[in-house]
């Protein structure tokens with residue numbers, strides 16, 4: 001059976017679509033339905049795969065090539081893959097409905113932890129009454145150096161065009177809550193996105209799964225950089241929470257950009273930045289070098305990580321007890 005390289009371009013639960021990767025690195029149809037080992041959810045949109053044909057339009061995964069990064073969210077009980085091999089995260093916020101500062105903060109931490117660029121897009125800026133509060137919530141991230149672009153996807157095409165240079169040649173993951181205008185942004189940049197989405201659904205006959213789908217869209221020709229690399233957007237479902245329980249405490253500390261200049265200056269090397277004496281992080285908060293909201297976010301993420309560790313240890317111990325317990329004799 002033929003083996004070939006492919007790009008995973010759509011994920012609907014455990015249903016995948018891929019396109020062949022040519023010798024020059026480009027990818028194109030026809031779409032290939034991809035099956036996974038033992039029906040496991042192992043792939044992420046953006047993965048480079050080694051596939052083996054099982055029919056003219058179906059294949060199974062032989063190998064997932066090494067990823068540059070993997071963006072996902074997790075809590076103590078489960079994880080959800082978002083995308084892989086991403087160059088930047090586009091965090092889409094809006095003046096209305098009000099966005100979650102907590103989700104924004106977590107997305108920023110995820111980007112730092114996985115060495116992915118991040119660009120904040122503040123949409124619906126035509127709603128002037130809500131704009132000052134939205135700007136206030138975003139301002140701490142602008143001070144830390146994260147780019148922020150204000151747009152009105154529906155009413156200001158010029159503001160949308162100003163973002164195009166930031167997308168050229170890059171694979172960008174769209175992340176945000178429902179209602180922020182991600183679909184409007186996507187349709188503005190990829191005019192045939194709705195048609196492609198429908199084609200994905202028809203191809204898999206899984207239209208009911210589209211609300212939980214991640215999908216890969218090539219940008220039009222304007223999305224090429226000077227080296228000829230075409231950019232792409234990975235659209236993820238809107239979500240209200242962004243768990244990061246998979247990150248260790250050390251990874252979390254280093255994912256807070258503004259912490260780095262004072263890390264290692266606390267009296268205790270394992271300082272949790274709670275109530276320990278001579279805490280450099282808390283001292284920086286008092287000097288307005290770090291916001292109290294960011295310290296509170298770190299504390300919450302640290303607690304989530306600890307809870308996940310305890311949960312994992314409990315599961316591991318239960319499995320060990322089960323595997324070593326004597327089997328019951330069969331009934332006669």
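Is it fair to say residue 281 is in a loop (DSSP other than H, G, I, E, B) and either buried (at least 18 other Cβ atoms within 10 Å of the Cβ) or at pLDDT 95 or above (or both)?
Spelling it out, it is not the case that residue 281 is in a loop (DSSP other than H, G, I, E, B) and either buried (at least 18 other Cβ atoms within 10 Å of the Cβ) or at pLDDT 95 or above (or both).
Listed here are the residues, each with its yes/no results for (1) over 25 Å from residue 99 (Cα atoms); (2) in a helix (DSSP H, G or I).
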residue: 234; (1), (2): no, no
residue: 247; (1), (2): no, no
residue: 253; (1), (2): no, yes
residue: 261; (1), (2): yes, no
residue: 264; (1), (2): yes, no
residue: 285; (1), (2): no, yes
residue: 288; (1), (2): no, no
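Quick test of your reading of the structure: residue 56 fulfils all but one of (1) without any contact (Cβ under 8 Å) to a residue 40 or more places away in the chain; (2) within 18 Å of residue 230 (Cα to Cα). Name the failing condition by number.
(2)
Considering (1) free of Cβ contacts under 8 Å to residues at least 12 places away in the same chain; (2) outside any helix (DSSP H, G or I), say which one residue 296 fails and leave the rest.
Result: residue 296 fails condition (2) only.
Which residue is surrounded by the fewest Cβ atoms within 10 Å (Cβ to Cβ), if the candidates are limited to segment 232-269 and must be within 30 Å of residue 8 (Cβ to Cβ) and over 17 Å from the mean Cα position of the chain (by Cα)?
Restricting to residues being within 30 Å of residue 8 (Cβ to Cβ) and over 17 Å from the mean Cα position of the chain (by Cα), the top hit is 248.
Restricting attention to segment 10-27, report how many residues are touching a helix residue (DSSP H, G or I) at 6+ places or on another chain (Cβ under 8 Å) and surrounded by 19 or more Cβ atoms within 10 Å (Cβ to Cβ).
Summing the residues that are touching a helix residue (DSSP H, G or I) at 6+ places or on another chain (Cβ under 8 Å) and surrounded by 19 or more Cβ atoms within 10 Å (Cβ to Cβ) in segment 10-27 gives 4.
Within segment 205-232, which residues are part of a loop (DSSP other than H, G, I, E, B) and modelled with pLDDT of 85 or more?
219, 220, 225, 226, 227, 228, 229, 231
The values are calculated or read from the model by the stated rules, or taken from the named source; none is laboratory data. Owing to the predicted nature of the structure, the values given are computational and were not obtained by experimental measurement. Ideal geometry is used to build each Cβ from the backbone, glycine not excepted, and the neighbour counts take in all protein chains shown.
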